[in-house]
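I have placed the structure first, in the form of structure tokens, so that the comments after it can refer back to it.
The values are calculated or read from the model by the stated rules, or taken from the named source; none is laboratory data. If you're wondering where the values come from, they're calculated on a predicted model, not measured in any experiment. Cβ placement follows ideal geometry from the backbone for every residue including glycine, while neighbour counts extend to all protein chains displayed.
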């Protein structure tokens with residue numbers, strides 16, 4: 001424990017951000033670095049609890065009190081070694097994770113939680129600056145080949161871990177560059193792409209091979225991969241977006257959120273956009289969906305110069321603080337105001353879109369919406385709503401972005417060719433203990449297996465899947481388990 005009285009002496013602080021007017025002019029990250037004194041104070045707030053609930057709150061099982069103590073003592077290499085023992089990519093989670101570890105922080109019962117996510121980001125960035133992060137090459141190769149399909153956070157974690165175990169790993173990515181959601185789904189103002197490229201370059205130095213523009217099942221034969229590899233891991237993500245099948249859906253001006261976000265990410269990376277351009281410039285924009293993807297659309301639309309940005313959420317407005325139905329240390333469904341919302345957005349809850357309305361040219365001009373009244377459910381019953389009479393109205397809108405989540409992985413092509421079993425939601429059916437599909441040499445991890453989830457869960461799934469692949473190939477595994485990773489690293 002760094003400082004026994006730290007949680008009494010210091011309150012929670014976060015780094016400063018660049019002013020809104022300034023950051024809306026570019027797509028660069030805008031959260032500034034903590035000075036060393038502030039890092040020392042924030043890490044001092046950790047109480048080194050007898051039962052550190054932050055461990056279980058984190059899907060990766062990060063050893064949080066220990067790295068906080070190392071930060072307090074300014075022992076940066078030790079902090080990095082503790083953090084990297086459980087997390088392959090803290091530079092990603094330190095920027096984009098919703099920090100379930102913080103909602104499980106014991107200090108958070110009656111004070112603001114420890115700033116775990118920011119401390120994590122600073123540990124890895126300082127480690128890169130000081131040269132602690134080096135290529136980790138295996139001592140020997142096993143002669144086993146593994147094909148990983150998909151280079152998002154789950155695929156990258158699988159590849160990194162199996163490469164450490166000595167297997168020869170090739171990652172197949174259908175886009176023109178690795179990263180998956182990290183590269184083309186998350187805007188640069190949250191995660192600049194040099195961060196992704198730095199990690200990919202390190203993995204290549206370690207021996208992982210990346211093959212891009214390689215759409216397995218289309219221009220890469222799955223039969224060839226099965227024949228040449230001793231194991232195949234499916235980590236392609238949950239990529240089929242939820243649609244809103246209402247009148248006017250086919251009007252020009254109604255798009256899926258990822259169509260919009262991917263285009264802008266390409267422009268920032270100075271890559272060609274071959275599809276029809278989608279811009280928010282000089283338009284009234286409505287984002288339908290209240291999650292992180294919707295928030296990313298809000299921030300991007302404001303940077304493109306939208307006249308107005310409005311965000312709809314079907315569910316009622318959540319409370320600002322925990323309720324009796326959300327006891328600590330469970331993850332609370334409370335009101336979340338992101339940096340994109342701070343930049344400007346009209347937010348509406350308990351509202352449904354009834355129709356997209358077009359002009360004589362077939363272009364979107366307005367939405368027909370109605371307010372909802374949610375009923376308080378009886379114990380064990382699902383919540384329900386009714387439409388409020390007299391609230392139906394039109395609002396101007398020239399660009400509507402559907403950000404209502406994803407239903408399952410793409411099944412046309414690869415999945416159908418493999419003929420692996422699917423679960424009732426259309427995801428790849430694979431056991432949580434073994435990550436093995438109905439075909440023994442084929443494994444699945446991340447959103448492709450568990451459904452749409454968090455980046456931190458994808459990394460956790462990738463690590464656990466890799467351990468099971470290693471056991472399948474070798475009879476046992478040298479890779480860390482979630483519960484013993486730090487102990488095994490020392």
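Does residue 433 meet the test of being more than 23 Å from the chain's Cα centre (by Cα) and outside the structural domain of residue 56 (by TED's automatic domain parsing)? No: the conditions fail for residue 433.
Given the condition surrounded by 24 or more Cβ atoms within 10 Å (Cβ to Cβ), at pLDDT 95 or above and in a loop (DSSP other than H, G, I, E, B), answer yes or no: does some residue in the stretch 461-477 qualify? Checking the stretch 461-477: not a single residue is surrounded by 24 or more Cβ atoms within 10 Å (Cβ to Cβ), at pLDDT 95 or above and in a loop (DSSP other than H, G, I, E, B). Only one of the listed residues (233, 218, 200) is modelled with pLDDT of 95 or more, under 30 Å from residue 441 (Cα atoms) and part of a loop (DSSP other than H, G, I, E, B). That residue is 218.
The single condition among (1) outside the structural domain of residue 428 (by TED's automatic domain parsing); (2) in a strand (DSSP E or B) that residue 139 does not meet is (2). Summed over the stretch 158-185, the residues that are surrounded by fewer than 24 Cβ atoms within 10 Å (Cβ to Cβ), part of a loop (DSSP other than H, G, I, E, B) and out of contact with any strand residue (DSSP E or B) (no Cβ under 8 Å at 6 or more places or on another chain) give a count of 6. Listed by position, the strands (runs of 3 or more DSSP E) contained in the stretch 366-426 that have at least 3 residues being free of Cβ contacts under 8 Å to residues at least 40 places away in the same chain and in contact with a strand residue (DSSP E or B) (Cβ under 8 Å, 6 or more places away or on another chain) are 384-387. Does residue 396 meet the test of being outside the structural domain of residue 52 (by TED's automatic domain parsing), under 18 Å from residue 254 (Cβ atoms) and either surrounded by 15 or more Cβ atoms within 10 Å (Cβ to Cβ) or at pLDDT below 95 (or both)? In short, yes.
Yes/no matrix, rows are residues, columns are (1) crowded, with 20+ Cβ neighbours inside 10 Å; (2) in contact with a helix residue (DSSP H, G or I) (Cβ under 9 Å, 6 or more places away or on another chain):
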residue	(1), (2)
9	no, yes
19	no, no
43	yes, yes
48	no, yes
57	yes, yes
93	yes, yes
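Checked against (1) surrounded by 14 or more Cβ atoms within 10 Å (Cβ to Cβ); (2) over 19 Å from the mean Cα position of the chain (by Cα); (3) within 27 Å of residue 383 (Cα to Cα); (4) touching a residue at least 12 places away in the same chain (Cβ under 8 Å), residue 278 meets all criteria but (3).
Among what's in the stretch 59-72 and is under 19 Å from residue 14 (Cβ atoms) and more than 24 Å from the chain's Cα centre (by Cα), pick the residue that is surrounded by the fewest Cβ atoms within 10 Å (Cβ to Cβ). This residue is 72. Among the residues of this structure, residue 281 counts as one that is modelled with pLDDT of 95 or more and part of a loop (DSSP other than H, G, I, E, B).
In the stretch 291-313, the qualifying residues are those that are outside any strand (DSSP E or B) and free of Cβ contacts under 8 Å to residues at least 60 places away in the same chain, and the one that is farthest from the chain's Cα centre (by Cα) is 307. For the stretch 399-421, give me each residue that is more than 30 Å from residue 363 (Cβ to Cβ), in contact with a helix residue (DSSP H, G or I) (Cβ under 8 Å, 6 or more places away or on another chain) and buried (at least 16 other Cβ atoms within 10 Å of the Cβ). Of everything in the stretch 399-421, those that are more than 30 Å from residue 363 (Cβ to Cβ), in contact with a helix residue (DSSP H, G or I) (Cβ under 8 Å, 6 or more places away or on another chain) and buried (at least 16 other Cβ atoms within 10 Å of the Cβ) turn out to be 409, 414, 418. The one condition from (1) in contact (Cβ under 8 Å) with a residue 40 or more places away in the chain; (2) part of a loop (DSSP other than H, G, I, E, B); (3) within 19 Å of residue 303 (Cα to Cα) that residue 260 does not meet is (2).
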